[in-house]
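For reference, the structure is listed below as structure tokens.
The values are calculated or read from the model by the stated rules, or taken from the named source; none is laboratory data. Being a predicted model, the structure only gives us computed values, none of them experimental. Backbone-built Cβ (ideal geometry, glycine too); neighbour counts: all protein chains shown. Just so you know, the surface numbers come from the protein's heavy atoms only, side chains and all, with ligands and any DNA or RNA stripped out. Shrake-Rupley method; radii C 1.70, N 1.55, O 1.52, S 1.80 Å.
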Amino acid sequence: MFKMDTDKDIYNFSDEPCSPVKKQKRSNSELMPNNGTEDSDNESSFSGFHPEDVVNRIDVESECSSLSSGSDIDDDIISSGGESDGEEGHDEEEVNDNFDVHLQEDHEYYDYISNNDLFKYRSVWKDEDLEDVTTLPCTQPQGAKLPADFNAETAKPSDYLQLFLPDKFLQTVVKHTNEYVIFKKMEKRGQTGNATYVDKDWKNDLTLQELKAYIGLLTIFGLNPSKQTRHYWSHDDFLSCQGVKNVFSRARFCKVSQYLHLSDRLNELPRSHPQFDILQKARPILRQLSDTFPRYFNASTYLALDEGMIKGRHRVKYRQYLPSKPARYGIKLFMLCNSLDQSPRTYLMKFEVYLGKNQSATPTKFGPNFDVVARLTKELEGKHHRVFFDNYYSSVRLVKYLLSKGIYSTGTIRFARNFLPPVWEEFRKSKTNPFKRGWFKYWQDVLTPSITSCLWSDTKLVKFVSSMCTPDRYTQVTRRVNGREVIVKQPVSAHIYSQHYGAVDLFDAAISAFQVGKPTKKVWKLILNWCLNAALVNAYVLYKTSSQRTRSGPKKYGPFEFRLECAKNLIGNFSSRKKRSAGAPVRNYAPTHLHTMIKIGRKGSTRKCRGHSKFQPNFRERKRTRYGCSVCNIPLCPDCFYLWHKD
């Protein structure tokens, strides 16, 4: 074991083929158990496999021969005799060609894993004479990929957001919302028997500009949070927000929130239908973001796959409990995020909503966790990306599958997984960690040398499986033990994993920093608010990585400033309030520096004029008015105001 040179690339990039079937001659004795003179009772040093732990050569040959072309099995391991140099070179070229063809094939994921090749896969591990693992650089271009007609020098924050939510999609939302108003009106008429029923508070149809202003206000609510939505329209100067008042009246905002609809209500399937989608109301925006997120940003070299949560305690059967997450209760998401080198260090590429064991897609024989990783990484195949995941997903079989698709992977793994080194069973049974901090040991798969497994003693034994890390390489990290800092060894598997796995957690932190909208009882609207928030986070990443705009203002331009400017761009000059007409002039015959006519009472309320019963200016003894005197504090209509004060 040796210390890694700091100038050497720990990821060991090479121009050699990505296939792990590196042709090296091995004697048959390498597959045989090590029955030397080493002490077999020493648990800390693994002396080799026992005969019952090693698969019979004939069985190995029969299983390997059934694998499809392009697999990572080394043919020399199962060869029965020596080969000439010419024959060996011919075999090497044939295997590599098959591997390349396999990566370029356009076949469905379920067609591949439905065969028995991967299901029959077994591992044979060794801990001596470990070989270097070679990997190829990622062939995917990095960074944002904006449309050709997108001007990064003049684009505003709202322009980046509308890459994900274009006017065409928003116009569809406007259409379905107005249709939903008609649907509810007809439904109410059928329930009440009133053929002329209309919602008197819904006076105008929703427009595209009004919907943009509505999204802008939902963004403002996260920047200026209030306990209740009605407080933004409060008469109290310390609770109200004049900007919100200018854009929407409270009644109109509540009505837009009530009738907002993303899907076509007439075409929604009932629950009894066999093809009923429990997320059909939120499906349009889920589909829209799933298509546009990877369209405008390339997948980075390093990606992380983990679970996220939409916080909520709604009584739905797919609500999950994850005690390790900041939001312990909510709707679980499977998220694939870019791990970027510069701030902001994350970008959401793909995501799925988990609907429970019975509602999700029918799992294959490899399990639902295997299927999730395969679906989310479908578009990464053949480009040599590096994907990181935790022990909830990882298995030797999954790493093998991703490697056959041209995707390198690293993840922690559980002792209970299949096909791990047999000696790990002894560590699994041990209740204590028998090794000092910093101890580690590597094992390498004989049949697929690119796959390695590692045990590392930190605060506890940490297990890794990887297809991209050369064994026996390590770096040094600082740990605090008993109040003092100590330097311990960290294997390359743990080092690269700790650098890039936290991309999903960083995205969750960006989501939690600023909420969008207010709490709601409808689950699909909770998902809608999360989707708008995710679009804002990704729009900020696009802005920071590609914007060339000359901006005036504060030097610090972070997510808060970006969201505030984006909300202002969406709102523009829109206002749903009616413009006040000049109306009848207020008669100011009396001195107005003391007594002034003002509006009194609550909004929309009227009171009985005190002067009408006395003066009867229009031959009526009673009239209700909104006006009154600022000093006398009594209701007076404009006609009675002068008569009351002339003396």
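Protein-only accessible surface at a 1.4 angstrom probe places the residues R189, R622 in the order R622, R189, largest first. What shape does region 398-497 have by the C-alpha gyration tensor, where a ≥ b ≥ c are the square roots of the eigenvalues, rounded means a/c under 1.5, and otherwise prolate means a/b greater than b/c and oblate the rest? Cα axes put region 398-497 in the oblate bin.
For the residues Y540, Y627, a 1.4 Å probe over the protein chains yields an accessible-area ranking, largest first, of Y627, Y540.
Here region 222-270 has 51 percent of its accessible surface on carbon and sulfur atoms, given a 1.4 Å probe and all protein chains in place. In a fully extended conformation the segment linking T139 and K227 would gain 26.8 nm over its present Cα-Cα distance, using 0.36 nm per residue. Fully extending the segment from S605 to C632 would add 7.8 nm, taking 0.36 nm per residue of separation and subtracting the current Cα-Cα distance.
Counting only protein heavy atoms and using a 1.4 Å probe, the accessible area of S575 comes to about 50 Å².
The mean sequence separation of alpha-carbon pairs under 8 Å and at least six residues apart, normalised by the residue count of region 452-537, gives a relative contact order of 18 percent. For region 488-494, the Karplus equation 6.51 cos²θ - 1.76 cosθ + 1.60, evaluated at θ = phi - 60°, returns couplings of 10, 7, 10, x, 4, 4, 6 Hz by residue, with Gly and Pro reported as x.
Ranked from largest, the principal axis spans of the Cα set of region 441-520 equal 55, 41, 18 Å.
L564 sits with roughly 60 Å² accessible to a 1.4 Å probe, with DNA, RNA and ligands left out of the calculation. Here the 3J(HN,Hα) profile of region 258-266, calculated from phi with Karplus coefficients 6.51, -1.76 and 1.60 at θ = phi - 60°, is 5, 9, 4, 8, 9, 10, 7, 5, 6 Hz, Gly and Pro shown as x. If I take R0 = 25 Å and measure r between the Cβ atoms of T362 and E268 in this structure, what FRET efficiency does the formula 1/(1 + (r/R0)^6) give, to the nearest 0.05? The computed FRET efficiency comes out at 0.60. Classify region 153-311 as rounded, prolate or oblate from the Cα gyration tensor: take a ≥ b ≥ c as the square roots of its eigenvalues, call it rounded if a/c is under 1.5, otherwise prolate when a/b beats b/c and oblate if not. In terms of gyration-tensor shape, oblate. Within region 506-527, which residues have the backbone N less than 19 Å from the label spot 7 Å out from L170 along Cα→beta-carbon, could you tell me? Taking a point 7 Å out along Cα→Cβ of L170, the residues of region 506-527 whose backbone N falls under 19 Å are 516-518. Take region 150-246 with all the other protein chains still there, run a 1.4 Å probe, and you get 55 Å² of accessible area per residue. When nucleic acids and ligands are ignored and a 1.4 Å probe is applied, M468 ends up with an accessible area of around 10 Å².
Note on R319 and R549: with the Förster distance fixed at 60 Å, the Cβ-Cβ geometry gives a FRET efficiency of about 0.90.
Sequence-ordered 3J(HN,Hα) estimates for region 131-137 from the Karplus curve with 6.51, -1.76 and 1.60 and θ = phi - 60° stand at 9, 6, 9, 9, 9, 9, x Hz, glycine and proline given as x.
Using the 1.4 Å probe convention, the accessible area of region 445-532 works out to 38 Å² per residue with neighbouring protein chains retained.
Sorting E565, E187 by solvent-accessible area of protein heavy atoms yields E187, E565, largest first, with a 1.4 Å probe.
Of the solvent-accessible surface of region 297-426, computed with a 1.4 Å probe and all protein chains present, 45% belongs to carbon and sulfur. Computed extension gain for T196 through F427, at 0.36 nm per residue and net of the alpha carbon distance, reaches 75.5 nm. Output the relative contact order of region 330-480, whole-number percent, from Cα pairs under 8 angstrom with separation of 6+ residues. Over region 330-480, the number comes to 16 percent. Heavy-atom accessible surface of region 321-410, averaged per residue, reaches 36 Å², computed with a 1.4 Å probe.
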